[in-house]
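The structure appears below as structure tokens.
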4 protein chains.
Amino acid sequence: MGSSFGQLFRITTFGESHGGGVGVVIDGCPPRIAVSDADIQRELGRRRPGQSSIVTQRDEPDRAEILSGVFDGQTLGTPIAILVRNQDADPEAYKKIVNIFRPSHADYTYEAKYGIRNWQGGGRASARETIGRVAAGAIARLVLRKMFPEFDLVAYVTQIHEVIANINSRHVTAADVERTPVRCPDEAAAKIMMQLIDRIRQQGDSVGGTIECVVRGVDAGLGEPVFDKLEADLAKAMLSLPATKGFEIGSGFGATRMTGSSHNDQFEMRDGRVRTTTNYSGGVQGGITNGEDIVFRVAFKPTSTIAREQQTVTTEHEPASIAARGRHDPCVLPRGVPIVEAMAALVVCDHALRQRAMMLQSK
Amino acid sequence: MGSSFGQLFRITTFGESHGGGVGVVIDGCPPRIAVSDADIQRELGRRRPGQSSIVTQRDEPDRAEILSGVFDGQTLGTPIAILVRNQDADPEAYKKIVNIFRPSHADYTYEAKYGIRNWQGGGRASARETIGRVAAGAIARLVLRKMFPEFDLVAYVTQIHEVIANINSRHVTAADVERTPVRCPDEAAAKIMMQLIDRIRQQGDSVGGTIECVVRGVDAGLGEPVFDKLEADLAKAMLSLPATKGFEIGSGFGATRMTGSSHNDQFEMRDGRVRTTTNYSGGVQGGITNGEDIVFRVAFKPTSTIAREQQTVTTEHEPASIAARGRHDPCVLPRGVPIVEAMAALVVCDHALRQRAMMLQSK
Amino acid sequence: MGSSFGQLFRITTFGESHGGGVGVVIDGCPPRIAVSDADIQRELGRRRPGQSSIVTQRDEPDRAEILSGVFDGQTLGTPIAILVRNQDADPEAYKKIVNIFRPSHADYTYEAKYGIRNWQGGGRASARETIGRVAAGAIARLVLRKMFPEFDLVAYVTQIHEVIANINSRHVTAADVERTPVRCPDEAAAKIMMQLIDRIRQQGDSVGGTIECVVRGVDAGLGEPVFDKLEADLAKAMLSLPATKGFEIGSGFGATRMTGSSHNDQFEMRDGRVRTTTNYSGGVQGGITNGEDIVFRVAFKPTSTIAREQQTVTTEHEPASIAARGRHDPCVLPRGVPIVEAMAALVVCDHALRQRAMMLQSK
Amino acid sequence: MGSSFGQLFRITTFGESHGGGVGVVIDGCPPRIAVSDADIQRELGRRRPGQSSIVTQRDEPDRAEILSGVFDGQTLGTPIAILVRNQDADPEAYKKIVNIFRPSHADYTYEAKYGIRNWQGGGRASARETIGRVAAGAIARLVLRKMFPEFDLVAYVTQIHEVIANINSRHVTAADVERTPVRCPDEAAAKIMMQLIDRIRQQGDSVGGTIECVVRGVDAGLGEPVFDKLEADLAKAMLSLPATKGFEIGSGFGATRMTGSSHNDQFEMRDGRVRTTTNYSGGVQGGITNGEDIVFRVAFKPTSTIAREQQTVTTEHEPASIAARGRHDPCVLPRGVPIVEAMAALVVCDHALRQRAMMLQSK
């Protein structure tokens, strides 16, 4: 259970890191949206391992096949199934740890939940599961562009360990983000981050950090007032990603140290429409977009797989120690950027369609 | 849309702050759980306005009527509908602001979404909507106690503005929390917090803060590996609460400054079962409980309603200024504590039932 | 579980026949639809007991209170909660049968499912549960009229026991249906039906029959191609009604005796649009409306509650006999007509909103 | 939308008749159920074209690949994705009818709904879509066998056109059904049916009929009392199948001609448990199983694709005529049998898991 996400633009992902492959079924994509393989492949390329020296060297081409739902370059309105085969799988590498619970991995909890697991890799907990999300997110973006001509969505790394970038969310572009392998648009900070990641990898250790995401150009009125607040669905989307530990929107945890008189976003007329003078709300008020930029941040923990030796227990409850030998990311954030973007696109697209259904009359 | 929450233990809330009343329908509560009015009323009493000098003085008895689903003091397995009438409503007080968008309230976004709103109060965005959640949460706790004899769930204020309490999540009890009106179990900090809130109210301003919640005694194995990770559903639950801006579990945003070797929770045998030596994971790994305490924190912004004058615009797009005159909370956190607990209970109860459905065989 | 229906126009009913009351929460009704108490009361009046000599004499005024979601005579877009109090409840009458499983009632199956039941009446299995459906259906009709100016929906009795009416579905009006208490627009047949029902009641027995429903004036394109075919959702809606045993659309079971060459609905241009020359399809092809009248029929069994003595067993598994003494309907069909209409309106309204969400571009 | 079915054992199908393939994702299958390719292939073999002289000769091996969710011959508890490639596709054959709406097909309604369709075949309306259902149904049966040792489920043809078989639902076995290609266990009737189908095919025409299905050995207590009544979900499941026009359970439409005193199923003690002396209810009372055989029937219309010339219009609204030339089934019922079985298994499996979740305490 729990492999589906969204109400109207609804995706279901499948697949383990080892086995036939991973993929997604998108049910509820509107018809007659132009979709090409390249639209999907571009985003998968940003997510895939082996793309730069600071990410895992596992070499997966991650070539997506659209199995259904697209005809003559256009969506049919029917389910779009996308499959990516597993290729560089190396189950033998996992044989040594088949009986060991890796610290802060899902080995133990899967055992507790299912009483069985595919020990030939991370199973569903592997980052490979996010391939389906990224493919679906690429299509959600195309829908959003059709609905909102000014639509734009961009995520980027704002912090790695103690290195904090200086970025103005209002002006960052996708090109700024792609300029460095670490996907931090502050080039000076990016340089330090990359050195840090490199050093950490040599130490057999790992680091975490923060990704910020900004969504621009969507209408006011998206989101639902109670449980399905836009920020609630974004929070769920982000905490459903592997290695995430926190989410905040707008002022976030910083709001806890402000007073109402400084935090409230006062209204004014600007550009011929109702605007706020500040955006501590992060683009949502009462769960519903107000037309300002949607801005949120996601905390990622340091990667669990490290080369240093750690204490643990076996499936037979005997003490054991473990030190990872295989390929892994010393820092997941550079590859996390397109994944955060994909999840954000899925949430916003879903709510944009939901709002369409209810607006019987123009105001 | 979006007024329902949960898959198996599923609640639907209804009601505006003004009108017939607010309430909830719980569909999916197991049969033969002993439920009394007092179980519900106790939690509503903790949430209701007027309970202490540091919260709003709006006087609502918040008397709950169980309309269905309970017979002879036991749940029937059928929908439990609970209604709380609105009593101290004062729509006239709102007449002055019927044409004004209050800063950082949902007035403008509701107008953008619906083209209509019940201006006689906060409508669905009012904190009164949470009455249904609290009533349902009280029942979810009873179910959880039936399923897990050691079940315990307690939330408390850890920070108000710059005042940070010193609390060990492992040992806090419900009694500790109720000892002070601010619901902070660090009594020294609580005293300062209350002074601060009092001063802020006199200044016509408001403050925010942080609530921490800990859930103890639930089995390993609850939660789903992908979108419905336990922490994802908790994040959604918390960000669906009014005035929340952030969520973090375990190490949370602090994880971004740690290394993998210090952050990983190593396994050991303790008390005859698999335990972790630390709990940076916050009780979940890969979205699934590992049997350790579930620990998370929620950021609340300062209340939007303040007595100080603020700039805004009217529904006719004219400049205007506004200063709240009515009763309001200078700090929502003391009343937020039982609400956070209720949402946590709903999430865990839902996942506990989901896990039951799938466990056909003992391990 | 299972007390909710619909995807976008989603209702949740609650309440037992005895207890605080019965009702419904509608989540997903578009905003700014004019709704009056009278709109709802009119339909409840058609459903309620005691309205004519051929239905049960239990006297329930069935006065509906709109608790939320409507303001100044217009829907807010928020959940509409409607409550009808139980008034003429007579739990004492049920005390005699508290330990007896009534044949073809749900007493035994509720015991098997829940291990508890509200023996003071039919509980959730009571026809009173349909009050919430009828109230919600009244609002769904208002939404449909807003969306489709030519929208019309009418159901009627076509058969009682062996008495079969002669009715042309294309021309029946609501006024035709209300002309007789039995709600059969063939007046000659209606007269015989009423005599039959009267005779059967005197015999302490009961009869069943068939209700036909026709929906006119909705666009082509409503419905989904696979599981949520319009006819599939109609079938579910109808089989979810108490006492129903069958559903058929268009040619229905009669289609089994036809050949493809006679059954296929050939296309032609008529009234400036694509039409079919016949309507064996019943207005749907491949699960999607084709713009012709949607026509379906529902089979109702004879009422289970009869005055004749029947054999059964007690909850302690002892043989027993039972003969109903209380008030009951010798034939549920006259009161079934507004209920069938309500469920049909709910299904079509839900699909109409779903289709809106997906139609980003005009064709 | 609408490509998913089930609440806990939830399937999502994908794929058009032409394109990459068709398949299914099953989310919510319990872990540690033994599953082999052969289990799935056996059922696909019963559904596939070309298996006998009375069905279409389109030659598709329909070889299923399990992409995920099964490891070492056991389910993992994670999504099971199954893919069947399209092989014998002949899009050129459809080029002639790209601009023509085939009578009683979904061509026109798809155009009305989506404004686009994959004209290279039936798209989602093709019977190939049911491959995913049959594969998923095969796994649902395995789960049900694990839960209910006496579980048995068998469907069979009871009527083709005017030929009505004489079958006792209590004793039919799977072997009886497979004895004839027409899947009618009354061998004398089967012989006449096959002659009829053969003659009808030579005439370029088609016929419909009725399939009955019986489910044995499941516990009392499955199903929900209101919208998700077991018979409601069965009705939806069956009406979601291509070419179906009607559904009835137990006495079905025949109940309309009975009296309550003859229709009520009286209770008695038999085999040490509560049983009914008759089974007009068809195994469900108030939407919940009573432990008797679940028995229902489904009406199938004659196949729409026929060789005879019919009148229609083009997509440009010009008159046209059409006569099918390709391969098609003159009667879908023999291949419909495993599909009806699959849908029944999915419904019962889903409700069996739902009931597990709610039964916290033994009775």
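Name the residues in the stretch B:281-294 that are under 30 Å from B:Val207 (Cβ atoms) and either among the charged types (D, E, K, R) or at the interface with another protein chain (Cβ under 9 Å from one of its Cβ atoms) (or both), would you?
B:Gly282, B:Asp293
One residue is enough: does the stretch D:206-219 have a residue meeting the conditions surrounded by fewer than 21 Cβ atoms within 10 Å (Cβ to Cβ) and under 25 Å from C:Arg124 (Cβ atoms)?
Yes, because at least one residue in the stretch D:206-219 is surrounded by fewer than 21 Cβ atoms within 10 Å (Cβ to Cβ) and under 25 Å from C:Arg124 (Cβ atoms).
Output the residue which, of all residues in the stretch A:21-43 that are touching a Lys or Arg at 6+ places or on another chain (Cβ under 8 Å) and over 30 Å from B:Met1 (Cβ atoms), is surrounded by the fewest Cβ atoms within 10 Å (Cβ to Cβ).
My answer is A:Gln41.
Of all residues being of a type in the set (Ser, Thr, Tyr) and part of a loop (DSSP other than H, G, I, E, B) in the stretch C:1-26, which is farthest from C:Ile80 (Cα to Cα)? Just the residue, please.
Among residues in the stretch C:1-26 that are of a type in the set (Ser, Thr, Tyr) and part of a loop (DSSP other than H, G, I, E, B), the one farthest from C:Ile80 (Cα to Cα) is C:Ser17.
Scan the stretch B:84-106 residue by residue and report those that are in a strand (DSSP E or B), of a type outside the set (A, V, I, L, M) and within 13 Å of chain A (Cβ to nearest Cβ).
Hits for the stretch B:84-106: nothing passes.
Only residues that are among the charged types (D, E, K, R) and either outside any helix (DSSP H, G or I) or more than 7 Å from every other protein chain (Cβ to nearest Cβ) (or both): list them for the stretch A:217-236, please. Step through it out loud before you land on a result.
Going residue by residue through the stretch A:217-236, those that are among the charged types (D, E, K, R) are A:219, A:224, A:228-229, A:231, A:233, A:236.
A:Asp219, A:Glu224, A:Asp228, A:Lys229, listed by residue number.
Out of the stretch D:10-20, which residues are surrounded by 24 or more Cβ atoms within 10 Å (Cβ to Cβ), at pLDDT 95 or above and within 9 Å of chain A (Cβ to nearest Cβ)?
Matches in the stretch D:10-20: D:Thr12, D:Thr13, D:Phe14, D:Gly15.
Within the stretch C:296-319, is there a residue that is touching a Leu at 6+ places or on another chain (Cβ under 9 Å), crowded, with 23+ Cβ neighbours inside 10 Å and under 28 Å from D:Gly2 (Cα atoms)?
yes
Go through the residues of the stretch D:242-265 one by one and say whether even a single one is facing chain C (nearest Cβ under 7 Å), among the aromatic types (Phe, Trp, Tyr) and touching a residue at least 24 places away in the same chain (Cβ under 8 Å). Steps first, please.
The first filter runs over the stretch D:242-265 and keeps only residues facing chain C (nearest Cβ under 7 Å), leaving D:245-253, D:255-261, D:263-265.
Right, trim to among the aromatic types (Phe, Trp, Tyr) and you get D:247, D:253.
Then drop every residue that is not touching a residue at least 24 places away in the same chain (Cβ under 8 Å), which leaves D:247.
Within the stretch D:242-265, one or more residues are facing chain C (nearest Cβ under 7 Å), among the aromatic types (Phe, Trp, Tyr) and touching a residue at least 24 places away in the same chain (Cβ under 8 Å).
Quickly run through the stretch D:228-273 and pick out the residues that are touching a His at 6+ places or on another chain (Cβ under 7 Å) and more than 30 Å from D:Cys331 (Cβ to Cβ).
Selection gives D:Met269 alone.
Is it the case that the stretch C:184-205 has a residue that's within 18 Å of the chain's Cα centre (by Cα), surrounded by fewer than 24 Cβ atoms within 10 Å (Cβ to Cβ) and either part of a strand (DSSP E or B) or not basic (Lys, Arg) (or both)?
Scanning the stretch C:184-205 turns up no residue that is within 18 Å of the chain's Cα centre (by Cα), surrounded by fewer than 24 Cβ atoms within 10 Å (Cβ to Cβ) and either part of a strand (DSSP E or B) or not basic (Lys, Arg) (or both).
Please go through the stretch C:155-170 and give me each residue that is surrounded by fewer than 21 Cβ atoms within 10 Å (Cβ to Cβ) and outside any loop (DSSP other than H, G, I, E, B), ordered by number.
Of everything in the stretch C:155-170, just one residue is surrounded by fewer than 21 Cβ atoms within 10 Å (Cβ to Cβ) and outside any loop (DSSP other than H, G, I, E, B), namely C:Ile164.
Which of the following residues is at the interface with chain B (Cβ under 9 Å from one of its Cβ atoms), basic (Lys, Arg) and under 30 Å from A:Leu44 (Cβ atoms): A:Arg354, A:Arg273?
A:Arg354
Just to be sure, is D:Gly132 under 19 Å from A:Asp27 (Cβ atoms), within 20 Å of the chain's Cα centre (by Cα) and more than 7 Å from every other protein chain (Cβ to nearest Cβ)?
yes
Please state which of the following conditions B:Thr278 fails to meet, knowing it meets all the rest: (1) without any contact (Cβ under 8 Å) to a residue 60 or more places away in the chain; (2) at the interface with chain A (Cβ under 7 Å from one of its Cβ atoms); (3) among the hydroxyl-bearing types (Ser, Thr, Tyr).
B:Thr278 satisfies all of (1) without any contact (Cβ under 8 Å) to a residue 60 or more places away in the chain; (2) at the interface with chain A (Cβ under 7 Å from one of its Cβ atoms); (3) among the hydroxyl-bearing types (Ser, Thr, Tyr) except (2).
Residues A:Val274, A:Val284: which one is in contact with a strand residue (DSSP E or B) (Cβ under 9 Å, 6 or more places away or on another chain) and farther than 23 Å from B:Leu241 by Cα? Give the derivation first.
Values: A:Val284 fails: farther than 23 Å from B:Leu241 by Cα.
None of the others qualify; the one that does is A:Val274.
Quick grid of which residues meet (1) touching a Phe, Trp or Tyr at 6+ places or on another chain (Cβ under 7 Å); (2) closer than 18 Å to A:Ser104 by Cβ:
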| residue | (1), (2) |
| --- | --- |
| B:Glu224 | no, no |
| B:Asp228 | no, no |
| B:Phe267 | yes, yes |
| B:Thr277 | no, yes |
| B:Val284 | no, yes |
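Criterion first (touching a Pro at 6+ places or on another chain (Cβ under 9 Å), modelled with pLDDT of 95 or more, facing chain B (nearest Cβ under 9 Å) and crowded, with 22+ Cβ neighbours inside 10 Å) does A:Thr109 satisfy it?
yes
Hey, C:Arg297 hits all of (1) in contact with a Ser or Thr (Cβ under 7 Å, 6 or more places away or on another chain); (2) facing another protein chain (nearest Cβ under 8 Å) but one; which does it fall short on?
It is condition (2) that C:Arg297 fails.
When the residues of the stretch D:325-345 are narrowed to those that are facing chain C (nearest Cβ under 10 Å) and aliphatic (A, V, I, L, M), which ends up surrounded by the fewest Cβ atoms within 10 Å (Cβ to Cβ)?
Per the criteria, the residue is D:Met343.
If only one of D:Pro79, D:Pro31, D:Pro61 is in contact (Cβ under 8 Å) with a residue 24 or more places away in the chain and over 30 Å from B:Arg354 (Cα atoms), which one is it?
Within the list D:Pro79, D:Pro31, D:Pro61, the selection yields D:Pro61.
Being touching a Phe, Trp or Tyr at 6+ places or on another chain (Cβ under 9 Å), touching a residue at least 24 places away in the same chain (Cβ under 8 Å) and assigned to a loop (DSSP other than H, G, I, E, B): is that true of A:Gly121 here?
Values: touching a Phe, Trp or Tyr at 6+ places or on another chain (Cβ under 9 Å): yes; touching a residue at least 24 places away in the same chain (Cβ under 8 Å): yes; assigned to a loop (DSSP other than H, G, I, E, B): yes.
Taking the combined requirement at face value, the residue satisfies it.
Which of the following residues is assigned to a strand (DSSP E or B) and more than 14 Å from chain D (Cβ to nearest Cβ): C:Ala81, C:Ala38?
C:Ala81
The values are calculated or read from the model by the stated rules, or taken from the named source; none is laboratory data. The shown structure was predicted, so the numbers you read here are calculated from the model rather than taken from an experiment. Cβ coordinates were reconstructed from backbone atoms using ideal geometry, including for glycine residues, and neighbour counts include every protein chain displayed.
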